[in-house]
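Inspection log for the structure reproduced underneath, given as structure tokens.
The values are calculated or read from the model by the stated rules, or taken from the named source; none is laboratory data. Predicted model only: the values in this text are computed from it and were never measured. Cβ placement follows ideal geometry from the backbone for every residue including glycine, while neighbour counts extend to all protein chains displayed. In case anyone asks, the SASA skips ligands and DNA or RNA and just uses the protein heavy atoms, side chains included. Shrake-Rupley method; radii C 1.70, N 1.55, O 1.52, S 1.80 Å.
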Amino acid sequence: MMSFFRKVLYFILFLALWEAAVALLGIKEFILPSPLKTLSHIFVPQLAAKYKWPLHIQATLLEILASFFITALAGNLLALLITWSGFLKKIVTPIIVFFNSLPKIALAPLFLLWFGYGLLPNTLIAVLVAFFPIVINTSTGLETVEEDLLDLVRYLGASKWQMFVKIRIPNALPYIFSGFKIAATMCVVGSIVGEFIASDKGLGYLLKDAQAFIDTPTMFACLILISILGILLFGAISLLESKVLFWMPNVSDRSAV
Amino acid sequence: MKGSRLQVLMQSTRRSIQKNIQSALVVLGFFLLWEFAVWIFHIPQFILPAPSTALNHLFIPRADANYNWLYHISSTVLAVGLSFLVTSLAGILIASALAWSNRLKEIVLPAFVFINSLPIIAIAPIILLWMGYGVVTNIVIAFLVGFFPVVINTLTGLEAVEEDLLDLVRYLHASKLQIFIKIRIPNALPYIFSGLKICSTLSIMGAIVGEFIASDRGLGYIIINAQYSMNTPPIFSSLILISLAGALLYTLVALLERIIMPWKSLEAQP
């Protein structure tokens, strides 16, 4: 495996090549802005003031965080419920699997029609996109428990509640975290697409708006900021995972899918 | 040999159909409930049309070009189909190249893994700026969204080979090409198909989002257009068609998987 240092080196080399290529080949700014030019649209005060970056970053960040917390709570709760009750599982699981296979992003315009403009529809779109993977991951984790272990504690007179708290939930934690990671990307995608379709603030809105003015450096700047928001959320989850699952040897390669 | 293979295929298909009938009934029940709820509570059509209204909308003959369904369906199907084909071929080829050359892999793979963790769909407006309106733009967007999962899945499969097996055939003087064709590629097949399944969903998402942000045709265009005029039934009609297209593509991939790897479906369903 390559060291972190070398990866960073490659990344910087890539940016330098890009910068040089734009300068040497005389590529027009509206086609492909250089990295420095892009960054100047965020950091040079005279240029950046026009774009109200804090407002847009705040809007998008709020949507991403709200949708992530709603999805994480509701998704895990539903997964617990359907694993707890056999009857509920029979009814709900096929519907969950069915919806999980649909291209849910296509529902986005419908949400705008139902809930109007603003943060609410974008957050709900992100929830819709991220919800089903979490339910499926968590319930997979709650169910893939060794039968022998369950037999043993049943024989020892453990209650259903005890089995959940002491066996099923700890067993599901790795799956829950892998669900969180999928949901983190999905929440960003959902929020941004919501902002594309209709919004008056947020990085997705600004990206779409800048496109109308052929303001390419701003578009790239939005892209960078969106990526950073996504990476921060993903990183926070990974950090939490390594703290909670400190006993697991290789935390990175597990998934229900 | 051929006959028994077909038998195995049919047997496993029959088994999975039986397993799925119960699920299908529940989903059908969900739609019936929806249908009745709309009639009983008199929910206005522009908020939530009944499934039957949405279905019906597909079959009303109208001169209006907006609802020339065949035209829009063919546009979306073309975008999804082409992008899926290009993505899967390019993804598998590039993953093979990366697995073949360590040097290339060291440089390219970190970038791919990094890009794969980003919300790629956000690049859609930039592609639109570069390429203008049209089906090709949507194909490129769908390609970018689906490409990285295919590469990473395929590469994982090509590399997850038992070291002992490699040692053995190396000792028997197998060439690199032989190792690739006889060991690595068969070993990668399950990973490739799981990548293709992910890609089938992502291709549709990419194409639809492309049609949302700029297009003058396709089912995504109909949805956006109907949203502007608060005409809800065609939104649901389009959703039905998009879901069908998605289900069809997924089924095709699953069928191909069964044909190429008949042994897997037997293992999965004891």
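Odds and ends about this structure:
- Rounded to the nearest whole Hz, the Karplus-based 3J(HN,Hα) values (6.51 cos²θ - 1.76 cosθ + 1.60, θ = phi - 60°) of the stretch B:137-147 follow the sequence 4, 5, 5, 5, 4, 4, 4, 4, 6, x, 5, with x at glycine and proline.
- The stretch B:1-158: C-alpha gyration tensor shape, a/c 1.5 cut-off, then a/b vs b/c: oblate
- Backbone HN-Hα couplings from phi across the stretch B:233-247 [Karplus 6.51/-1.76/1.60, Hz, Gly and Pro as x]: x, x, 4, 5, 4, 5, 4, 4, 5, 4, 4, 4, 4, x, 4
- Most positive-pole-ward Cα, A:Val153, A:Cys222, A:Gly116, against dipole of chain A from beta carbon charges: A:Val153
- For chain B, the longest principal axis of the Cα atoms and the long axis of helix B:185-213 meet at an angle of about 30 degrees.
- A simple spin-label model places pseudo-atoms 7 Å from Cα toward Cβ; at B:Met261 and B:Gln45 they are separated by 4.8 nm.
- Chain B, relative contact order in percent, only Cα pairs under 8 angstrom and at least six apart counted: 26 percent
- Helical mean residue ellipticity (222 nm; -39500 (n - 2.57) per DSSP H run of 4+; nearest 500) of chain A: -25000 deg cm²/dmol
- A:Leu62 accessible area, assembled protein chains, probe 1.4 Å, Å²: 100 Å²
- The residue list A:Ala198, A:Met186, A:Pro170 was ranked by how far each Cα lies along the charge dipole of the stretch A:163-249 toward its positive end, using unit charges on Cβ atoms, and A:Pro170 comes out on top.
- Using a Förster distance of 30 Å, the FRET efficiency for A:Leu232-A:Leu24 (Cβ separation, nearest 0.05): 0.30
- The residues of the stretch B:242-256 occluded by other protein chains by 30 Å² or more of accessible area, set against the chain on its own, are B:Ser243; surface from heavy atoms, 1.4 Å probe.
- Distance between modelled label sites at B:Leu252 and B:Ala37, nm, 7 Å Cα→Cβ extension: 3.4 nm
- Shielding by partners for peptide B:27-33, expressed as the average number of C-beta atoms from other protein chains within 10 Å of each residue's C-beta, is 2.
- When +1 charges are put on Lys and Arg Cβ atoms and -1 charges on Asp and Glu Cβ atoms, the dipole computed for the stretch B:183-270 relative to its Cα centre reaches about 220 debye.
- Interface area, A with B, accessible, probe 1.4 Å, both sides summed, Å² nearest 100: 3700 Å²
- Residue-normalised accessible area of the protein assembly as shown, given per residue in Å² at a 1.4 Å probe: 52 Å²
- For the protein assembly as shown, size of Cβ-based charge dipole, Lys and Arg +1, Asp and Glu -1, in debye: 580 debye
- Highest-MSF residue in chain A out of A:Phe87, A:Phe220, A:Phe115 [GNM, Cα springs under 10 Å]: A:Phe87
- Interface residues, the stretch A:202-222 - accessible area loss of 40 Å² or more versus chain alone, probe 1.4 Å: A:Lys208, A:Gln211, A:Met219
- In this structure, A:Ile224 and B:Ile179 have a Cβ-Cβ separation that, at R0 = 41 Å, corresponds to a calculated FRET efficiency of about 0.50.
- For the protein assembly as shown, the carbon plus sulfur part of the accessible surface works out to 72%, probe radius 1.4 Å.
- Extension gain from B:Met131 to B:Ser52, taking 0.36 nm per residue of separation minus the Cα-Cα distance: 24.5 nm
- Accessible area (Å², 1.4 Å probe, nearest 10) - A:Asp148: 110 Å²
- With an a/c value of 1.5 or above and a/b not larger than b/c for the gyration tensor axes a ≥ b ≥ c computed over the alpha-carbon atoms, chain B is described as oblate.
- Scanning chain A for long hydrophobic helices, with DSSP H runs required to stretch 15 angstrom or more by C-alpha along their axis and to average at least 0.5 on the Kyte-Doolittle scale, returns A:4-25, A:53-84, A:86-100, A:119-143, A:169-197, A:216-244.
- Partner shielding of A:188-196 amounts to 4, given as the average count of beta-carbon atoms from other chains within 10 Å of each residue beta-carbon.
- Remark: the stretch B:155-164, residue by residue, has Karplus-estimated 3J(HN,Hα) of 4, 4, x, 5, 9, 7, 10, 4, 4, 4 Hz, where x stands for each Gly or Pro and the curve is 6.51 cos²θ - 1.76 cosθ + 1.60 at θ = phi - 60°.
- Chain A: most fluctuating residue of A:Thr38, A:Thr71, A:Thr123 per GNM, C-alpha cutoff 10 Å: A:Thr38
- Residues in the stretch A:84-118 occluded by at least 40 Å² - accessible area, probe radius 1.4 Å, against chain by itself: A:Pro94, A:Ile95, A:Phe98, A:Pro103, A:Ile105, A:Ala106, A:Pro109, A:Leu110, A:Leu113, A:Trp114
- Overall, the anisotropy analysis places the protein assembly as shown in the rounded class: the square-rooted eigenvalues a ≥ b ≥ c of its C-alpha gyration tensor yield a/c less than 1.5.
- Förster-model FRET efficiency, 30 Å R0, A:Val8 and B:Asn102, C-beta, rounded to 0.05: 0.90
- Once you reduce the stretch A:180-194 and the stretch B:119-175 to the center of their Cα atoms, the two points are 21 Å from each other.
- Each of B:Gly146, B:Val135, B:Ala160 was scored by the projection of its Cα onto the charge dipole of the stretch B:129-191, and the greatest displacement toward the positive side belongs to B:Val135; charges sit on the C-beta of Lys, Arg, Asp and Glu.
- Cross-link pairs beyond the 30 Å C-alpha cut-off, checked among A:Lys28/B:Lys197; A:Lys90/B:Lys197; A:Lys89/A:Lys166; A:Lys243/B:Lys197; A:Lys89/A:Lys243; A:Lys181/A:Lys208: A:Lys28/B:Lys197; A:Lys243/B:Lys197; A:Lys89/A:Lys243
- Computed over protein heavy atoms with a 1.4 angstrom probe, the accessible surface ordering of B:His42, B:His57, largest first, is B:His42, B:His57.
- Where only DSSP H runs of four or more residues are counted, chain B gives -27000 deg cm²/dmol as its mean residue ellipticity at 222 nm, each run worth -39500 (n - 2.57).
- Per-residue SASA entry for A:Val129, accessible area with 1.4 Å probe, Å² rounded to 10: 10 Å²
- Overall, chain A carries a charge dipole of about 160 debye about its Cα centre when +1 sits on the Cβ of Lys and Arg and -1 on the Cβ of Asp and Glu, all other atoms neutral.
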